[in-house]
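Scroll down for the structure; my scribbles are underneath it.
The values are calculated or read from the model by the stated rules, or taken from the named source; none is laboratory data. Note that the coordinates shown come from a computational prediction; the quantities given were computed from them, not determined experimentally. Quick reminder, even Gly has a Cβ in these numbers, built from the backbone with ideal geometry, and neighbours come from all protein chains shown. These area figures cover heavy atoms from the full protein model, side chains too; ligands, DNA and RNA do not enter into them. Shrake-Rupley method; radii C 1.70, N 1.55, O 1.52, S 1.80 Å.
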Amino acid sequence: MAQLNLSLLLVLLSFSTISVCYPTGAPISACETMMPGHVGIFPQPKPAPYIIKTNSSSIQSGRPIQVQIVGPVYRGILLEARTFAQTTLFGKWLQPPNNTKILACPKNPVGAITHANTNLKDQSTTYLWMPPDSGSPPVLFFIATVAEAYDKYWLGIQSAILYQYSLETSGANEITWATAIFTVTFLQFTKFLLF
C-alpha cells in the first residue's frame, strides 16, 4: 500500500511540475532557440493569430521603438531584435511593462524580454526597445514566441523589417545606399528561392 501511495504521489508531482514550468519567464536556454521548453508540447502551426506592431519602420540610434503584440490575450512571451540568419540579440529593452521582465541572455543581458508571471497580457502591453549605439546591421526585425497557454504557443513570429537610417549632412534622414542595395539584393534572393 505504501508503494502504491508513493507511486501515486510521484505521478501527481510530475503533472504539477509540467503545469507550472516557467511561470516566471522563459529560461535562459531559450535565448537562442526561442523554444519555451514545455515538455512534450510543440509549437502551433503557422500562421499565428498574433502580429508584432511597431511605431516606426526605421532604426535610429538614441530613438526608442514601441513594440506591441496584437492578437488574442496571451500569458507567455519571449521577444528579441535580430537580423537574418543570426541569433545575435541587438539593442536593449527598457522599462519592462507590468507582468514582464528582462531576460538576462548570456551575450546580451538586456537583449530579450519575457513574462514575469502568467497574468494575461494584451495588445495594450507596450514594450520599449532601444537600438544599439553602434554596430547595428542595416536591417533588423523583432521576433517572438507567444504562449496563449502552457500547451498552446507559436514560435518565430516576426515583425516587418526595420531599416537602418543615417543622418546625412543635409540634416534630413535618408536611407543609406548600403541598406538600399542590401534590401534589393535580399528581396531578389528571396524571390529566387520561392519561385
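Among the chymotrypsin sites (Phe, Trp or Tyr not before Pro) in segment 20-124, those placed in a DSSP loop whose Cβ has at most 16 other Cβ atoms within 10 Å are 84. Per residue, segment 111-166 exposes 37 Å² of accessible surface when a 1.4 Å probe is rolled over the protein heavy atoms with every protein chain present. Legend: calculated FRET efficiency, residue 55 to residue 29, from the Cβ-Cβ distance at R0 = 22 Å, rounded to 0.05, equals 0.10. Taken along its three principal axes, the alpha carbon spread of segment 16-135 comes to 45, 29, 27 Å, from the longest extent down to the shortest.
Looking at segment 58-165, the trypsin sites (Lys or Arg not before Pro) that sit in a DSSP loop and have at most 11 other Cβ atoms within 10 Å of their own Cβ are 107. Taking a straight line from the alpha carbon of residue 46, these lysines sit under 24 Å away, with near neighbours fewer than eight places off in the same chain left out: 121, 152, 191. The lysines whose alpha-carbon is closer than 19 Å to the alpha-carbon of residue 107, local same-chain residues fewer than 8 away aside, are 92.
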